[in-house]
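The values are calculated or read from the model by the stated rules, or taken from the named source; none is laboratory data. All values reported here derive from a predicted model rather than from experimental measurement. Heads up, the Cβs are rebuilt from the backbone with ideal geometry, glycines too, and the neighbour counts pull from every protein chain shown. Quick note on the areas: whole protein, heavy atoms, side chains included, nothing else; ligands and nucleic acids left out. Shrake-Rupley method; radii C 1.70, N 1.55, O 1.52, S 1.80 Å.
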Amino acid sequence: MIGVEQWAEIRRLYFVEKRSKRAIHRLTGAHRDTITRALASEAPPRYVRAPAGSKLDPFREWICERLRAEPTIQSQRLRELAADLGYTGGKSIFDDYVREVRPRFLVRRTFQRTVYRPGELVQCDLWEPREPIPVGYGQTRRGYVVTVELCWSRVLAGTLVFSKEPPDVLWGQRRSLERIGVLPEKLVWDREGAIHVGGGRPTDAFAGFCGQLGVGWVILAAADPQAKGVLERSHRFLRSNFEPGRQFANELDFQHQFDEWCDKINQRVHRTVRAVPAERLLLERERMRPLPERLPDLDRRFVTRVPQQPYLRVDRNDYSLDPAFAGRRVEVRVSPTQVTAVVLDTGELACRHRRVFAGGLTITDPAHQSKLERLRGVRQGREVEVETRPLARYDRLIPA
(Lines give C-alpha, C1' and ligand atoms only; values in the text may rest on other atoms or scores of the structure.)
Protein backbone atom coordinates (compact mmCIF):
# COMPACT_ATOMS: atom_id res chain seq x y z
CA MET A 1 0.00 0.00 0.00
CA ILE A 2 1.37 3.40 -0.99
CA GLY A 3 1.32 6.46 1.22
CA VAL A 4 -0.63 9.64 0.66
CA GLU A 5 2.43 11.53 -0.58
CA GLN A 6 3.27 8.89 -3.22
CA TRP A 7 -0.39 8.72 -4.26
CA ALA A 8 -0.44 12.48 -4.78
CA GLU A 9 2.83 12.37 -6.72
CA ILE A 10 1.52 9.67 -9.07
CA ARG A 11 -1.58 11.72 -9.82
CA ARG A 12 0.47 14.88 -10.36
CA LEU A 13 2.76 13.15 -12.82
CA TYR A 14 -0.19 11.71 -14.74
CA PHE A 15 -2.63 14.62 -14.76
CA VAL A 16 -0.25 17.61 -14.68
CA GLU A 17 2.91 16.47 -16.45
CA LYS A 18 0.98 14.06 -18.72
CA ARG A 19 3.42 11.21 -18.09
CA SER A 20 2.51 7.69 -19.13
CA LYS A 21 2.08 4.86 -16.65
CA ARG A 22 5.34 3.34 -17.88
CA ALA A 23 7.19 6.62 -17.22
CA ILE A 24 5.59 6.93 -13.79
CA HIS A 25 6.66 3.34 -13.03
CA ARG A 26 10.21 4.20 -14.03
CA LEU A 27 10.26 7.40 -11.91
CA THR A 28 8.54 6.13 -8.77
CA GLY A 29 9.20 2.41 -8.82
CA ALA A 30 5.54 1.68 -8.11
CA HIS A 31 3.90 -1.34 -9.70
CA ARG A 32 1.69 -0.63 -12.69
CA ASP A 33 -1.39 -2.07 -10.94
CA THR A 34 -0.70 0.24 -7.96
CA ILE A 35 -0.42 3.18 -10.35
CA THR A 36 -3.71 2.23 -12.00
CA ARG A 37 -5.50 2.01 -8.64
CA ALA A 38 -4.04 5.38 -7.53
CA LEU A 39 -5.28 7.07 -10.68
CA ALA A 40 -8.73 5.54 -10.28
CA SER A 41 -9.05 6.53 -6.61
CA GLU A 42 -10.50 9.97 -5.92
CA ALA A 43 -9.72 9.78 -2.20
CA PRO A 44 -6.26 9.44 -0.65
CA PRO A 45 -5.36 6.03 0.68
CA ARG A 46 -5.86 5.41 4.38
CA TYR A 47 -5.38 2.47 6.66
CA VAL A 48 -8.62 0.85 7.80
CA ARG A 49 -8.36 -1.93 10.31
CA ALA A 50 -10.88 -4.73 9.88
CA PRO A 51 -13.53 -4.68 12.61
CA ALA A 52 -12.66 -7.13 15.34
CA GLY A 53 -16.01 -7.15 17.14
CA SER A 54 -16.85 -6.01 20.67
CA LYS A 55 -18.02 -7.55 23.91
CA LEU A 56 -21.02 -5.26 23.61
CA ASP A 57 -22.23 -6.68 20.29
CA PRO A 58 -24.32 -9.54 21.77
CA PHE A 59 -26.14 -7.03 24.00
CA ARG A 60 -27.01 -4.28 21.49
CA GLU A 61 -30.45 -5.63 20.63
CA TRP A 62 -31.11 -6.42 24.29
CA ILE A 63 -30.30 -2.80 25.26
CA CYS A 64 -32.68 -1.50 22.63
CA GLU A 65 -35.46 -3.79 23.85
CA ARG A 66 -35.01 -2.59 27.44
CA LEU A 67 -35.00 1.07 26.38
CA ARG A 68 -38.11 0.49 24.27
CA ALA A 69 -39.88 -0.85 27.36
CA GLU A 70 -38.49 1.80 29.76
CA PRO A 71 -36.81 4.74 27.96
CA THR A 72 -35.69 6.54 31.14
CA ILE A 73 -33.92 3.62 32.81
CA GLN A 74 -30.44 4.62 33.98
CA SER A 75 -27.41 3.35 32.15
CA GLN A 76 -25.89 2.07 35.39
CA ARG A 77 -28.94 -0.10 36.05
CA LEU A 78 -28.82 -1.46 32.50
CA ARG A 79 -25.16 -2.36 33.02
CA GLU A 80 -26.00 -4.25 36.21
CA LEU A 81 -28.71 -6.22 34.41
CA ALA A 82 -26.36 -6.92 31.49
CA ALA A 83 -23.67 -8.14 33.90
CA ASP A 84 -26.14 -10.66 35.30
CA LEU A 85 -26.55 -11.93 31.74
CA GLY A 86 -22.78 -12.28 31.19
CA TYR A 87 -21.59 -8.84 30.02
CA THR A 88 -17.91 -8.38 30.89
CA GLY A 89 -17.12 -5.29 28.83
CA GLY A 90 -16.18 -1.81 30.01
CA LYS A 91 -18.33 0.99 31.39
CA SER A 92 -17.52 3.67 28.81
CA ILE A 93 -18.42 1.67 25.71
CA PHE A 94 -21.68 0.52 27.31
CA ASP A 95 -22.71 4.04 28.47
CA ASP A 96 -21.75 5.61 25.14
CA TYR A 97 -23.96 3.19 23.25
CA VAL A 98 -26.89 3.75 25.62
CA ARG A 99 -26.47 7.52 25.24
CA GLU A 100 -26.46 7.15 21.46
CA VAL A 101 -29.57 4.99 21.11
CA ARG A 102 -31.72 6.34 23.97
CA PRO A 103 -33.15 9.31 21.91
CA ARG A 104 -34.72 6.78 19.54
CA PHE A 105 -37.09 5.69 22.30
CA LEU A 106 -37.71 8.98 24.15
CA VAL A 107 -40.63 11.14 23.06
CA ARG A 108 -39.26 14.62 23.56
CA ARG A 109 -41.27 17.80 23.52
CA THR A 110 -40.51 20.11 20.61
CA PHE A 111 -41.18 23.82 20.32
CA GLN A 112 -42.00 26.14 17.52
CA ARG A 113 -40.67 29.68 17.37
CA THR A 114 -43.33 32.06 18.66
CA VAL A 115 -44.03 35.25 16.76
CA TYR A 116 -45.59 38.06 18.80
CA ARG A 117 -47.75 40.90 17.54
CA PRO A 118 -47.11 44.43 18.84
CA GLY A 119 -49.17 45.14 21.95
CA GLU A 120 -50.48 41.57 22.18
CA LEU A 121 -48.92 40.05 25.31
CA VAL A 122 -47.07 41.01 28.47
CA GLN A 123 -45.39 38.17 30.37
CA CYS A 124 -45.49 38.52 34.17
CA ASP A 125 -43.76 36.62 36.94
CA LEU A 126 -42.18 36.82 40.40
CA TRP A 127 -38.39 36.93 40.65
CA GLU A 128 -36.77 36.35 44.03
CA PRO A 129 -33.44 38.10 44.72
CA ARG A 130 -30.70 35.86 46.03
CA GLU A 131 -30.16 37.84 49.25
CA PRO A 132 -32.76 39.27 51.69
CA ILE A 133 -33.48 42.98 51.32
CA PRO A 134 -32.41 45.43 54.09
CA VAL A 135 -35.52 47.12 55.54
CA GLY A 136 -33.98 49.34 58.22
CA TYR A 137 -33.55 48.95 61.97
CA GLY A 138 -30.79 46.42 61.31
CA GLN A 139 -33.23 43.91 59.82
CA THR A 140 -33.58 42.17 56.45
CA ARG A 141 -36.61 40.62 54.81
CA ARG A 142 -37.28 38.20 51.98
CA GLY A 143 -38.44 40.13 48.93
CA TYR A 144 -39.95 39.41 45.53
CA VAL A 145 -39.87 41.46 42.33
CA VAL A 146 -43.02 41.51 40.19
CA THR A 147 -41.51 41.60 36.70
CA VAL A 148 -43.32 42.37 33.44
CA GLU A 149 -41.93 42.28 29.91
CA LEU A 150 -43.57 43.24 26.63
CA CYS A 151 -43.17 40.26 24.31
CA TRP A 152 -42.75 42.28 21.11
CA SER A 153 -40.55 45.20 22.15
CA ARG A 154 -38.89 43.35 25.11
CA VAL A 155 -39.22 46.37 27.44
CA LEU A 156 -38.72 45.22 31.05
CA ALA A 157 -39.98 46.70 34.35
CA GLY A 158 -40.34 45.44 37.91
CA THR A 159 -41.52 46.31 41.41
CA LEU A 160 -40.30 45.07 44.78
CA VAL A 161 -42.90 43.57 47.14
CA PHE A 162 -42.59 41.61 50.38
CA SER A 163 -45.35 39.01 50.07
CA LYS A 164 -47.08 36.85 47.49
CA GLU A 165 -50.56 37.91 48.60
CA PRO A 166 -52.88 39.29 45.89
CA PRO A 167 -52.85 42.96 47.05
CA ASP A 168 -49.05 43.11 46.96
CA VAL A 169 -48.56 41.14 43.74
CA LEU A 170 -51.24 43.12 41.90
CA TRP A 171 -49.91 46.42 43.26
CA GLY A 172 -46.49 45.44 41.93
CA GLN A 173 -47.99 44.66 38.55
CA ARG A 174 -49.90 47.96 38.48
CA ARG A 175 -46.76 49.95 39.24
CA SER A 176 -44.76 48.02 36.61
CA LEU A 177 -47.41 48.72 33.98
CA GLU A 178 -47.30 52.38 35.00
CA ARG A 179 -43.56 52.32 34.32
CA ILE A 180 -44.24 51.03 30.81
CA GLY A 181 -47.12 53.47 30.34
CA VAL A 182 -49.46 51.40 28.13
CA LEU A 183 -51.79 48.40 28.36
CA PRO A 184 -51.42 45.12 26.42
CA GLU A 185 -54.24 42.93 25.18
CA LYS A 186 -53.48 40.12 27.66
CA LEU A 187 -51.40 39.41 30.76
CA VAL A 188 -49.54 36.08 30.79
CA TRP A 189 -49.03 34.46 34.21
CA ASP A 190 -48.09 31.05 35.46
CA ARG A 191 -49.96 29.44 38.36
CA GLU A 192 -49.04 31.78 41.21
CA GLY A 193 -51.28 31.53 44.25
CA ALA A 194 -52.31 35.19 43.95
CA ILE A 195 -53.34 34.65 40.31
CA HIS A 196 -54.70 31.12 40.00
CA VAL A 197 -57.22 29.14 42.06
CA GLY A 198 -57.20 25.84 40.13
CA GLY A 199 -58.20 24.48 36.77
CA GLY A 200 -56.78 27.49 34.96
CA ARG A 201 -59.27 29.85 36.63
CA PRO A 202 -58.14 33.25 37.96
CA THR A 203 -58.62 34.45 41.51
CA ASP A 204 -61.37 37.00 42.08
CA ALA A 205 -58.75 39.64 42.89
CA PHE A 206 -56.86 39.05 39.63
CA ALA A 207 -60.02 38.87 37.52
CA GLY A 208 -61.25 42.10 39.09
CA PHE A 209 -57.90 43.76 38.43
CA CYS A 210 -57.98 42.75 34.75
CA GLY A 211 -61.61 43.82 34.46
CA GLN A 212 -60.86 47.30 35.80
CA LEU A 213 -58.01 47.71 33.33
CA GLY A 214 -59.95 46.14 30.47
CA VAL A 215 -57.33 43.50 29.63
CA GLY A 216 -57.49 39.75 29.19
CA TRP A 217 -55.32 37.06 30.73
CA VAL A 218 -53.58 33.80 29.89
CA ILE A 219 -52.84 31.39 32.75
CA LEU A 220 -50.27 28.82 31.67
CA ALA A 221 -50.37 25.09 32.29
CA ALA A 222 -48.65 23.70 35.35
CA ALA A 223 -44.89 23.06 35.15
CA ASP A 224 -44.55 24.85 31.82
CA PRO A 225 -41.88 27.55 32.24
CA GLN A 226 -40.94 27.29 28.55
CA ALA A 227 -44.22 28.99 27.62
CA LYS A 228 -42.93 32.08 29.44
CA GLY A 229 -39.42 31.86 28.04
CA VAL A 230 -39.08 35.57 27.19
CA LEU A 231 -39.23 36.56 30.86
CA GLU A 232 -37.38 33.47 32.12
CA ARG A 233 -34.35 34.51 30.07
CA SER A 234 -34.58 38.01 31.53
CA HIS A 235 -34.60 36.50 35.03
CA ARG A 236 -31.35 34.70 34.26
CA PHE A 237 -29.93 38.01 33.10
CA LEU A 238 -31.08 39.63 36.35
CA ARG A 239 -29.18 37.05 38.38
CA SER A 240 -25.98 37.50 36.40
CA ASN A 241 -26.06 41.25 35.67
CA PHE A 242 -28.19 43.12 38.20
CA GLU A 243 -27.43 41.40 41.51
CA PRO A 244 -23.62 40.89 41.46
CA GLY A 245 -21.61 43.69 43.04
CA ARG A 246 -24.59 45.65 44.40
CA GLN A 247 -25.46 46.71 47.92
CA PHE A 248 -28.74 48.23 49.08
CA ALA A 249 -29.42 50.59 51.97
CA ASN A 250 -33.13 49.70 52.21
CA GLU A 251 -36.11 48.72 50.08
CA LEU A 252 -36.37 52.21 48.54
CA ASP A 253 -32.73 52.05 47.44
CA PHE A 254 -33.32 48.60 45.93
CA GLN A 255 -36.29 49.88 43.92
CA HIS A 256 -34.36 52.96 42.78
CA GLN A 257 -31.40 50.89 41.59
CA PHE A 258 -33.69 48.39 39.88
CA ASP A 259 -35.56 51.13 37.99
CA GLU A 260 -32.29 52.68 36.85
CA TRP A 261 -31.01 49.29 35.69
CA CYS A 262 -34.21 48.63 33.70
CA ASP A 263 -33.96 52.06 32.06
CA LYS A 264 -30.38 51.25 31.12
CA ILE A 265 -30.97 47.82 29.59
CA ASN A 266 -34.08 49.04 27.77
CA GLN A 267 -31.74 51.37 25.87
CA ARG A 268 -29.40 48.55 24.82
CA VAL A 269 -29.68 46.41 21.71
CA HIS A 270 -31.58 43.25 22.65
CA ARG A 271 -29.81 40.12 21.47
CA THR A 272 -32.98 38.34 20.31
CA VAL A 273 -34.84 41.10 18.46
CA ARG A 274 -31.64 42.87 17.29
CA ALA A 275 -33.11 46.23 18.22
CA VAL A 276 -33.37 48.67 21.13
CA PRO A 277 -36.48 47.85 23.25
CA ALA A 278 -37.17 51.50 24.10
CA GLU A 279 -37.22 52.37 20.40
CA ARG A 280 -39.50 49.44 19.58
CA LEU A 281 -41.83 50.55 22.37
CA LEU A 282 -42.42 53.83 20.52
CA LEU A 283 -43.76 51.80 17.58
CA GLU A 284 -45.67 49.42 19.85
CA ARG A 285 -47.48 52.25 21.66
CA GLU A 286 -49.42 52.99 18.48
CA ARG A 287 -51.25 49.65 18.84
CA MET A 288 -51.71 49.74 22.62
CA ARG A 289 -54.20 51.52 24.86
CA PRO A 290 -53.05 54.13 27.36
CA LEU A 291 -53.48 53.54 31.07
CA PRO A 292 -56.86 54.64 32.44
CA GLU A 293 -56.99 57.81 34.50
CA ARG A 294 -58.20 55.86 37.51
CA LEU A 295 -56.14 52.77 38.23
CA PRO A 296 -57.41 49.87 40.39
CA ASP A 297 -57.39 50.55 44.12
CA LEU A 298 -55.38 47.72 45.66
CA ASP A 299 -55.06 48.90 49.28
CA ARG A 300 -56.00 46.50 52.05
CA ARG A 301 -59.07 47.83 53.88
CA PHE A 302 -60.65 46.86 57.18
CA VAL A 303 -62.67 48.50 59.95
CA THR A 304 -61.65 48.41 63.59
CA ARG A 305 -62.35 50.26 66.81
CA VAL A 306 -59.68 52.47 68.38
CA PRO A 307 -58.68 50.75 71.65
CA GLN A 308 -57.99 52.55 74.91
CA GLN A 309 -54.35 51.92 74.22
CA PRO A 310 -54.49 53.64 70.81
CA TYR A 311 -52.30 51.45 68.62
CA LEU A 312 -53.02 49.47 65.45
CA ARG A 313 -51.26 46.21 64.50
CA VAL A 314 -50.25 45.95 60.81
CA ASP A 315 -47.74 43.40 59.51
CA ARG A 316 -45.95 42.73 62.85
CA ASN A 317 -45.76 46.44 63.77
CA ASP A 318 -47.89 48.70 65.98
CA TYR A 319 -48.83 52.12 64.59
CA SER A 320 -50.20 54.86 66.86
CA LEU A 321 -53.73 56.29 66.48
CA ASP A 322 -55.06 59.63 67.68
CA PRO A 323 -56.15 58.92 71.29
CA ALA A 324 -58.97 61.44 70.97
CA PHE A 325 -60.86 58.84 68.91
CA ALA A 326 -60.64 56.05 71.48
CA GLY A 327 -63.73 53.84 71.30
CA ARG A 328 -64.72 55.03 67.82
CA ARG A 329 -64.57 52.98 64.64
CA VAL A 330 -62.03 53.78 61.93
CA GLU A 331 -61.44 52.47 58.40
CA VAL A 332 -57.83 51.41 57.95
CA ARG A 333 -56.12 51.47 54.55
CA VAL A 334 -52.79 49.68 54.17
CA SER A 335 -50.73 50.22 51.02
CA PRO A 336 -47.08 49.29 50.34
CA THR A 337 -46.15 52.88 51.16
CA GLN A 338 -48.59 54.13 53.84
CA VAL A 339 -50.83 53.13 56.72
CA THR A 340 -53.81 55.48 57.16
CA ALA A 341 -56.96 55.41 59.28
CA VAL A 342 -60.09 57.59 58.92
CA VAL A 343 -62.91 57.91 61.46
CA LEU A 344 -66.04 56.40 59.92
CA ASP A 345 -68.70 58.79 61.24
CA THR A 346 -66.86 62.11 60.72
CA GLY A 347 -64.17 61.39 58.12
CA GLU A 348 -61.42 62.79 60.36
CA LEU A 349 -57.88 61.50 59.96
CA ALA A 350 -56.92 59.20 62.83
CA CYS A 351 -53.38 58.42 61.61
CA ARG A 352 -51.04 58.52 58.66
CA HIS A 353 -47.75 56.63 58.87
CA ARG A 354 -45.08 55.58 56.40
CA ARG A 355 -45.18 51.80 55.99
CA VAL A 356 -42.27 50.10 57.73
CA PHE A 357 -41.30 46.59 56.59
CA ALA A 358 -39.05 45.79 59.54
CA GLY A 359 -40.81 43.84 62.29
CA GLY A 360 -41.45 44.06 66.02
CA LEU A 361 -41.58 47.88 66.11
CA THR A 362 -43.83 50.46 67.70
CA ILE A 363 -44.23 53.53 65.49
CA THR A 364 -45.61 56.54 67.38
CA ASP A 365 -46.56 59.90 65.90
CA PRO A 366 -45.18 62.65 68.21
CA ALA A 367 -48.52 64.51 67.97
CA HIS A 368 -50.35 61.40 69.17
CA GLN A 369 -47.91 61.00 72.07
CA SER A 370 -48.36 64.62 73.15
CA LYS A 371 -52.13 64.38 73.02
CA LEU A 372 -52.07 61.12 74.95
CA GLU A 373 -50.01 62.71 77.69
CA ARG A 374 -52.36 65.69 77.91
CA LEU A 375 -55.36 63.43 78.17
CA ARG A 376 -53.67 61.55 80.98
CA GLY A 377 -53.00 64.80 82.80
CA VAL A 378 -49.23 64.63 82.43
CA ARG A 379 -47.35 67.44 80.75
CA GLN A 380 -43.88 67.09 79.42
CA GLY A 381 -41.17 69.21 80.98
CA ARG A 382 -43.05 69.99 84.28
CA GLU A 383 -42.63 68.40 87.69
CA VAL A 384 -45.61 67.31 89.74
CA GLU A 385 -46.57 70.02 92.29
CA VAL A 386 -46.34 68.83 95.93
CA GLU A 387 -47.84 70.81 98.84
CA THR A 388 -45.25 72.19 101.31
CA ARG A 389 -46.65 72.29 104.86
CA PRO A 390 -45.34 74.61 107.64
CA LEU A 391 -43.41 72.82 110.38
CA ALA A 392 -45.66 74.37 113.05
CA ARG A 393 -48.43 71.99 112.02
CA TYR A 394 -46.28 69.02 113.00
CA ASP A 395 -45.36 70.68 116.32
CA ARG A 396 -49.06 70.90 117.26
CA LEU A 397 -49.55 67.23 116.51
CA ILE A 398 -46.67 66.09 118.77
CA PRO A 399 -47.53 66.23 122.50
CA ALA A 400 -45.10 68.22 124.65
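The residues listed here are ARG68, ARG12, ARG19; of these, the one that is in a helix (DSSP H, G or I) and open to solvent by less than 100 Å² (accessible area, probe 1.4 Å) is ARG12.
Within the range 144-155, is there a residue that is open to solvent by 20 Å² or more (accessible area, probe 1.4 Å), hydroxyl-bearing (Ser, Thr, Tyr) and either in contact with an Asp or Glu (Cβ under 6 Å, 6 or more places away or on another chain) or at positive phi (or both)? Checked against the condition, which is being open to solvent by 20 Å² or more (accessible area, probe 1.4 Å), hydroxyl-bearing (Ser, Thr, Tyr) and either in contact with an Asp or Glu (Cβ under 6 Å, 6 or more places away or on another chain) or at positive phi (or both), the range 144-155 yields at least one hit.
Pairs are defined by a Cβ separation below 9 Å, a sequence spacing of at least 6 or placement on different chains, a first member in the range 214-238 that is within 14 Å of ARG154 (Cβ to Cβ) and open to solvent by 40 Å² or more (accessible area, probe 1.4 Å), and a second member that is aromatic (Phe, Trp, Tyr) and assigned to a helix (DSSP H, G or I); no pair meets this definition.
For every residue, the table says whether it meets (1) closer than 20 Å to VAL276 by Cα; (2) part of a strand (DSSP E or B); (3) of a type outside the set (Val, Ile, Thr); (4) modelled with pLDDT of 95 or more.
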| position | (1), (2), (3), (4) |
| --- | --- |
| VAL146 | no, yes, no, yes |
| ARG154 | yes, no, yes, yes |
| GLY158 | yes, yes, yes, yes |
| ASP168 | no, no, yes, yes |
| GLY172 | no, no, yes, yes |
| GLU192 | no, no, yes, no |
| VAL197 | no, yes, no, no |
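Does GLN76 satisfy being over 32 Å from the mean Cα position of the chain (by Cα) and part of a helix (DSSP H, G or I)? So GLN76 fits the description; yes.
For the range 274-307, a residue qualifies if it is over 30 Å from GLU149 (Cα atoms), open to solvent by less than 60 Å² (accessible area, probe 1.4 Å) and in contact (Cβ under 8 Å) with a residue 40 or more places away in the chain, and exactly one does: VAL306.
Could you say which residue among ALA350, ALA358 is at pLDDT 95 or above and within 39 Å of the chain's Cα centre (by Cα)? Exactly one residue qualifies, and that residue is ALA358. What's the total number of residues in the range 244-273 that are within 17 Å of THR159 (Cβ to Cβ) and either open to solvent by less than 30 Å² (accessible area, probe 1.4 Å) or of a type outside the set (D, E, K, R) (or both)? Going through the range 244-273 one residue at a time, the tally reaches 14. In the range 211-233 there is at least one residue matching the filter, namely being out of contact with any Phe, Trp or Tyr (no Cβ under 6 Å at 6 or more places or on another chain), among the basic types (Lys, Arg) and at pLDDT below 95.
Please work out if LEU126 is surrounded by 10 or more Cβ atoms within 10 Å (Cβ to Cβ) and in a helix (DSSP H, G or I). When the stated conditions are applied, LEU126 does not pass them. Scanning the range 47-65 for residues that are open to solvent by 50 Å² or more (accessible area, probe 1.4 Å) and not in a loop (DSSP other than H, G, I, E, B) turns up ASP57, PRO58, ARG60, GLU61, GLU65. Per the conditions (1) surrounded by fewer than 18 Cβ atoms within 10 Å (Cβ to Cβ); (2) within 22 Å of the chain's Cα centre (by Cα); (3) of a type in the set (Gly, Ala, Ser), the sole criterion not satisfied by SER92 is (2).
What single numbered condition from (1) of a type outside the set (Ser, Thr, Tyr); (2) modelled with pLDDT under 90; (3) closer than 27 Å to ARG329 by Cβ fails to hold for VAL343? It is condition (2) that VAL343 fails. Taken over the range 180-211, residues that are of a type in the set (A, V, I, L, M), in contact with a helix residue (DSSP H, G or I) (Cβ under 8 Å, 6 or more places away or on another chain) and more than 14 Å from ALA222 (Cα to Cα) amount to 6. Without any contact (Cβ under 8 Å) to a residue 40 or more places away in the chain, open to solvent by less than 90 Å² (accessible area, probe 1.4 Å), closer than 30 Å to ALA223 by Cα and assigned to a loop (DSSP other than H, G, I, E, B): is that true of LEU106 in this structure? Yes, satisfied. Taken across the range 244-263, residues that are over 28 Å from ARG141 (Cα atoms) and assigned to a loop (DSSP other than H, G, I, E, B) do not occur at all.
Candidates are the residues of the range 83-118 that are under 30 Å from VAL230 (Cβ atoms) and hydroxyl-bearing (Ser, Thr, Tyr); the one that is modelled with the lowest pLDDT is THR110.
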